[in-house]
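This report concerns only the one structure given below.
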Amino acid sequence: MSSTAVSERHTATEPLRVAIIGNPNTGKTTLFNALTGLRQRVGNFAGVTVERVEGGYKMPDGRRIAVLDLPGSYSLSAGSPDEQIALEVLLGRDQAHWRPHVVLVVVDASHLERNLFLASQVCELGLPVVIALNQVDAAAEKGITVDVPALIHEIGVPIVPTVASRGEGVEPLKRAIVTAASLPAPERRFALDHDILAALAPLQVQLEADGFSSSAAAMESLRLLGVSSKEAHLSHVADLPRHLEGARDALRALGLTPQRVEAEARYGWISGVVARTMTRRERSLDTYSDRLDAVALHRLGGPILFVVVMALVFQAVFSWATPLQDLIEVSIASIGRAVGGLLPEGDLRSLVVDGVFAGVGSVLVFLPQIAFLFAFIGVLEQSGYMARAAFLMDRLMRRVGLHGKSFIPMLSGYACAVPGIMATRTIEDPKDRLATIMVVPLMSCSARLPVYTLLIATFVPALPLMPGLDLQGATMLAMYLLGTVTALAVAAVFRATLLRGPVRPMILELPPYRMPAIRSLAISVWQRCQLFLRRAGTVILSLSIILWALATYPHTTPDASLAPAQQQEQQLANSALGRFGHAIEPVVRPLGYDWKIGVSIVASFAAREVFVSTMGTIYGVGGEDDAALRDRLRAETRESGAPAYTPLIAVGLMVFYVYALMCMSTIAVTVREAGGGRLGWQWAGVQFGYMLALAYGAAWLVVVVGRAMGFAT
Amino acid sequence: MTLPASRELPVCNCPLVDSETGSLATVVAIECGEREACRLRALGVYEGAQVSVIGKRHCLLVDVGGTRLALGADLAGGITVRPQGRVAS
């Protein structure tokens, strides 16, 4: 253990490892994107679903630099799982053993005082540090100027002024990082009282005995005074609670409040540094951000603006993406036909056209919507509006026992539950987090969209209701609302039962409004699209092939006297898929579904989008265009001759999809994020179970009530 | 000593939540859960820091060293401040 905790010198053969850390909203990720461009890998930190983004670049002399973007942190005292990870990496106790050679601290020039708190902690870790003084342009606009040479002298580390959003200062920063690798690590720049040092000494000795460098042990012993929760990276330090309590008692005996010691010592030093290095013109509180906030946070105007912004996002996602989707659909269909034409008639051609192109194609169509949704969420986040939205929603969220911050994961859930659940990592309270994780998959994600679109376009007439809204649009909106309202209700239930406890008080930074950095945004959206494409190329491709095989084998000798459509029907009914469908039909019968819908539902438990591709495969019309499948569904009849699908059944089916958790990726993320191992599986089980019960119950209710009201099933 | 006029600020320590919009104050004590106290200090709300109240909704909007924070009313009730007058606007 001890070998990982001491500073390792970088050798020329391996890449220089650089970790980037900074307060949230300092432009840290934008700087990371400016440094590494598209050479990035998104993954997870071992054991937890905190996103781990690693990238790299080359110096002109060919030296390779590996960069790790650590989660935004206000301090090294972990309040959230995010900050815990940052600390573990910096201390070399991350399970992946990626200890940086150099730490790059991103400091917002406009908020020097608060940012230097984290920077001063990092400077005591025993690693070489470089500071990027970012957003110096925004600071200058506010009349803030920083004397950089004086600041370098005060802190004792290289400091490079940057404007990450425009790429300014990035080259000098790259040079400074390489130079810093051979510089000695900085040291604490303020002196603690002799009495305080004596009180902390036993704790510090214990930490050193456990492998911490003397500098890191000094930092940790001071930091831990204010930390009440257990931190995983210290779990094996012998007798830590006793030594910590001993240090606190010794400080109390001196008449001090232990929890205040670190903040007073650091800020005491920082205020002197700021006074000597920063000048600001006479400041009025009324910045442009405040003027915007006068509207955005207005008692009445705020909620109205919020609804308008959300409506705009949805309108854009669903209408602007359409031309691109049409283009993808047409291209895939024509490629499929072209490739099919090259193959001889038979099973291979059927596999390629009906299996691969029909299955994967029906899902790829949703790439534009996913890109738009993530782009908008990115814009809302980078512009600073997301924090205002969380502030506005806090009141509502609190009523159901959640924190305002739970709003952000829930909004992301409209795009995809996976990043939504990962976004819960900014919520500090474990019960708040779990309750949010449990309900995020109820938000209608983009994978449900193909199901809604297919069913609405097929069975709901475009009856105009009011200008700009027809019955089809209203049905779509109703599905989204149903999921959202249920999510809030279920959260309230969880917070009153399994996850009972007080709601943590709101502490939220409202960052200044800012123009989003387009390049950085594009990189993030591209990452999301890549993840989606990878999924389409793996999970969905393999499922499509399996389904095709199940629907094709065993072969039935066609009855030549029947029409081609009926021959196909016969083949399907006798295939492995058809037999399985008939076996499970009694389960879905009460919902008014036939075995074909049953099969599609079962197939889509891996991923919802598969419903549409399965229907396409079953009816042998996928890969062409949606209209063919729609016509086929409308014409489909049961053995009795009655239509197999009615509007009532379609609505029931949509409600089923609103509620059912049919996504392997979500289950995997929940397992890891809810604590991993047995605990994680238990929570994932609870989530899957309650959602399935809700889905079945609600779909059944729709059919029963609908029948009573005289609708046909 | 005369009684302060109704619009005048109290000169004794008071909870932050009772400070008026536009008032400037120094933090005297933070009493809340340790986790929140730790977070507040990292955000620049520490004993001795200057805060100004810039708005009141269901939460308190405060400025600390140029950072805008939204603090829950319950939390702001546990932060004791000494009023320092009003912010020039």
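The values are calculated or read from the model by the stated rules, or taken from the named source; none is laboratory data. Model, not experiment: these values are computed from the prediction. Cβ atoms come from the backbone with ideal geometry, glycine included; neighbour counts cover every protein chain shown. Calculation scope for accessible area: heavy atoms of the full protein, side chains included, ligands and nucleic acids excluded. Shrake-Rupley method; radii C 1.70, N 1.55, O 1.52, S 1.80 Å.
Below are the figures for this structure:
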{"item": "Simple spin-label estimate for residue A:681 and residue A:326 in nanometres, 7 Å along Cα-Cβ", "result": "5.0 nm"}
{"item": "Kirkwood Rh and Cα Rg combined as Rg over Rh, evaluated for the protein assembly as shown", "result": "1.02"}
{"item": "Helix A:170-180 axis, angle to chain A major axis (alpha carbon atoms, nearest 10°)", "result": "60 degrees"}
{"item": "Size descriptor, Kirkwood hydrodynamic radius, that averages inverse alpha-carbon separations across region A:120-221, Å", "result": "15.6 Å"}
{"item": "Three semi-axes of the equivalent ellipsoid, region B:14-86, Cα gyration tensor, whole Å, largest first", "result": "16, 13, 12"}
{"item": "Total formal charge among the other residues, if their Cβ is under 15 angstrom from that of residue A:670, Lys/Arg +1 and Asp/Glu -1", "result": "+3"}
{"item": "For residue A:553, net neighbour charge (Lys/Arg +1, Asp/Glu -1) across residues whose Cβ lies under 12 Å away", "result": "0"}
{"item": "Accessible area buried, both sides summed, chains B and A with 1.4 Å probe, Å²", "result": "3400 Å²"}
{"item": "Residue A:556/residue A:339 FRET efficiency (R0 35 Å; Cβ-Cβ; nearest 0.05)", "result": "0.85"}
{"item": "Of all DSSP beta bridges in chain A, antiparallel share, percent nearest 5", "result": "50 percent"}
{"item": "Efficiency of FRET from Cβ geometry, residue A:492 and residue A:13, R₀ 60 Å, rounded to 0.05", "result": "0.55"}
{"item": "Extension gain (nm, one decimal) between residue A:635 and residue A:201, 0.36 nm per residue minus Cα-Cα", "result": "148.1 nm"}
{"item": "Linear extension gain, residue A:477 paired with residue A:711, 0.36 nm per residue minus alpha-carbon span", "result": "82.1 nm"}
{"item": "Hull-based mean projected area of region A:352-493, where the convex hull spans the alpha carbons, in square nanometres", "result": "10.7 nm²"}
{"item": "Average beta carbon contacts from partner chains per residue of B:69-77, 10 Å cutoff", "result": "5"}
{"item": "Computed label-point distance, nm, for sites residue A:254 and residue A:668 using a 7 Å Cα→Cβ extension", "result": "5.1 nm"}
{"item": "For the protein assembly as shown, with +1 on Lys and Arg beta carbons and -1 on Asp and Glu, the positive-most of A:511, A:227, A:109 along the dipole", "result": "A:511"}
{"item": "Relative contact order (%) - criterion: Cα under 8 Å, at least six apart; region: chain A", "result": "12 percent"}
{"item": "Other protein chain Cβ atoms within 10 Å, averaged over every residue that makes up B:28-41", "result": "6"}
{"item": "Dipole of region A:578-691 [Lys/Arg +1, Asp/Glu -1 at C-beta], most positive-end residue of A:649, A:595, A:680", "result": "A:680"}
{"item": "Cα principal axis extents for region A:554-713, largest first, Å", "result": "60, 41, 30"}
{"item": "Segment residue A:519-residue A:229, length gained on full extension (0.36 nm per residue, minus Cα span)", "result": "100.5 nm"}
{"item": "Residue mean of other protein chain beta carbons inside 10 Å, B:42-55", "result": "5"}
{"item": "Length-normalised contact order for region B:14-86 - Cα pairs under 8 Å, 6+ apart - percent", "result": "47 percent"}
